[in-house]
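So the structure is just underneath, and the comments pick up after that.
Nothing in this text is a laboratory measurement; each read-out follows from the coordinates by a stated rule. Everything numeric in this text was worked out from a predicted model, so none of it was measured. Backbone-built Cβ (ideal geometry, glycine too); neighbour counts: all protein chains shown.
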Amino acid sequence: MSHVTKSQTKKVVASGWIGSVLEYYDFFIYATAAALIFPQIFFPQGDPAIAIVASLATYGVGYVARPIGAFFLGHMGDRQGRKKVLVFCMFLMGFSTLAVGLLPTYDQVGIWAPILLVALRLAQGFAVAGEISSSSSMILESSPTGRRGFFSSFTLNGVQAGQVLAAAVFLPLAHYLPKEEFNTWGWRVPFLLSFVVIFVGYMIRKEVEETEVFREEEKLGQVPKAPIIQAFTECWPDMLRVICMAFMNVIPVVTTIFGAAYAVQASYGIGFDKSVYLWIPVVGNILAMAVIPMVGNLSDRIGRRPPIIIGSLVSGVLSFGYLYSISIGNVSLAVVMSLLMWGLVYQGYNAVFPSFYPELFPARARVSSMAIAQNVGTMLTALLPALFAYVAPPGSTDIPTKIGAITLVITAISAFACWTARETYRIPLKQLGEKDAVPMSKAEYDAARAQSLANS
C-alpha cells in the first residue's frame, strides 16, 4: 500500500461517497413512493390492504433481482476491475429510475402499470447489487493501514445521504402540493431528476483509477477466470456469515418502509401526515451521517466485531419502542426512537460492514463473494415489508409487539453470525481472506495506524 498516495485515497473515497449518494437516492425514492403513493395509483383500489401489500412487495422485488445482479457484477468486478462495475451500475440505475417517473397509472393502462413498475424495479435491483461491494472493495484496497474502517465507512455515509436527499425532494412536494396534484404529477419529479444521476455519476467515476491490488493481479496473471466458483469453493463459510449479518437490513425496513406505511396509510388508522412522517427517517439519517465516520474510526481501534454485535442486538430491542411510538400517534417520541434506533445504535453495524465484509475475502474473489452474500441476505430481509403487512394487517392488534419480536430475532441472528467470524482489522491487506493470514501485533498495528493518521 505504500504506492497508494493520499490524493488517490481521497479521490476513491469521494467517488465512493458521491456514487452511493446518487445510486441510493434513486433506490430510496422508489421505497418512499412505494409506501406513500404507489398503492393508490398503480394498483386496483377494491381492497386497500391488498394494494398496500402489493405495493410493498414491488419494493421487495428490487431486492430479488440483487442476487442475480451480484453474480454478474461480482464476476465483472473481479475479472475486469472495480471501476467498470461502478460506471455500469450508475448508468443502469439512472435510466431505470428515470423511466419509473414516466410510467402510466393503473387507471390509464390497467395491469400493464404494475407489470412495467416491477420490470423497472428489477433493473434497479440488478444495478444496485454491485454498488456497495465494488465501492467498498475499491476504498478498502486504496486505504492505508489502520484506516480501512474509517475510509470504507464513507460508502454507507453516502447511502444515508442518498436517503436524506430522497426524502428531502419528496418533503416540499408532499407538503406544498395539493393532494390531487401530488398524486397526479408531483411524485414523478424526484424520479425525473435522475437524469442528473446519469451525467454527474459518469463525470465522477470516469476520473477514478483502478486499485493497485487489482492491477497487480492483472500484471501477475492472477485474475481468476471464474471468481464465482472460487467464491463458493473457498469462501462459503464467510459468505454464509455475511448472508446472516446482512439480515440487519431489517432495521431500515422497519424504519423507512413498514413504519411509513403503518404511520400514514389510512387503513391503519394512525393518521400521520405524509410530510410530517417523512421527517422521521430524514432526521435519523442526518444523525447517522455524523455517527458513521466515528464508528468506522472506532472499528479501526477496537475491531470490527464489537460495534456490529452491540449495534445489532440493541437496535433490535429499540424496534419495540419505535413501533409503539407510532401506534400511539406520538410524533415526538417516534422521532426520538428513530434517532436512537436508526440514527445511532444501528450504525454500529452499518458503519462497519463496508470494511468487515470485504476483509473476510481474498482479493481474487472479493467483489463476487461480498456482492453475492450481502445481496442474498438483503433480498431475504427486503421481503419482510410484505410479510409484516401480512402478519400485522390494518385492523390487527399488538402490531408493535408482533413486528418488534420478529425484528429482535432477526438482529440476534446477525449478531451471532458476526460473533462466529474472525477479527480482521489488524490483518495486512494482501493477507485478507487467506486461511494462513497472521494479524499484525497490536504494537505494530498501532504504530502503522499512527503513521497513517500523521500522513492524512
(message) Please arrange V12, V208 by how many other C-beta atoms lie within 10 Å of their C-beta, fewest to most.
(response) V208, V12
(message) Using only DSSP helix segments of four residues or longer, with each worth -39500 (n - 2.57), what per-residue ellipticity at 222 nm results for the chain after dividing by its residue count and rounding to 500?
(response) -23000 deg cm²/dmol
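How many percent of Cα pairs in region 1-135 exceed 24 Å?
Numbers: 3342 of 9045 pairs.
Tail fraction, whole percent: 37.
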(message) What distance in nm lies between label points placed 7 Å from Cα along the C-beta direction at A437 and M203?
(response) 3.8 nm
(request) Among the listed pairs K10/K430; K83/K430; K11/K225; K179/K274; K11/K84; K274/K402, give every one whose C-alpha distance is greater than 18 Å. (result) K10/K430; K83/K430; K11/K225; K274/K402
(message) Taking the Kirkwood radius as the inverse of the mean 1/r across Cα pairs, report the Rg/Rh of region 262-388.
(response) 1.04
(request) Considering the options T233, V87, L73, tell which one lies farthest towards the positive end of the dipole of the chain, charges being +1 on Lys and Arg and -1 on Asp and Glu at the Cβ, about the Cα centre. (result) T233
(request) Using only the Cα atoms of region 356-456, each taken as one equal point scatterer with no solvent, compute I(q) by the Debye sum, divide by I(0), and report log10 of the ratio at q = 0.14, 0.18, 0.25 Å⁻¹. (result) -0.75, -0.95, -1.28
(request) Scan around R304 for amide H atoms under 5 Å from its own, H built in the peptide plane at 1.01 Å from N, and keep only partners 5 or more places away or cross-chain. (result) T424, Y425
(request) Could you go through region 434-440 in sequence order and give the Karplus-derived ³J(HN,Hα) for each residue, using 6.51 cos²θ - 1.76 cosθ + 1.60 with θ = phi - 60°, rounded to whole Hz, and x for Gly and Pro? (result) 8, 5, 9, 4, 10, x, 5
(message) Please list the three semi-axes, largest first and in whole Å, of the ellipsoid equivalent to region 84-175, using sqrt of 5 times the eigenvalues of its alpha carbon gyration tensor.
(response) 33, 17, 8
(request) Sort 292-302, 419-429, 144-154 for me by packing, meaning the mean count of neighbouring Cβ atoms within 10 Å per residue, highest on top. (result) 144-154, 292-302, 419-429
(message) Over the Cα atoms of the chain, each weighted equally, I'd like the Debye log10 I(q)/I(0) at q = 0.07, 0.12 Å⁻¹, rounded to two decimals.
(response) -0.32, -0.95
(request) Quick one: order T9, T378 by neighbouring beta-carbon count within 10 Å, fewest to most. (result) T9, T378
(message) For a quick check: with amide H placed at 1.01 Å from N, whose amide H comes under 5 Å from F42's, ignoring anything fewer than 5 positions away on the same chain?
(response) Y106
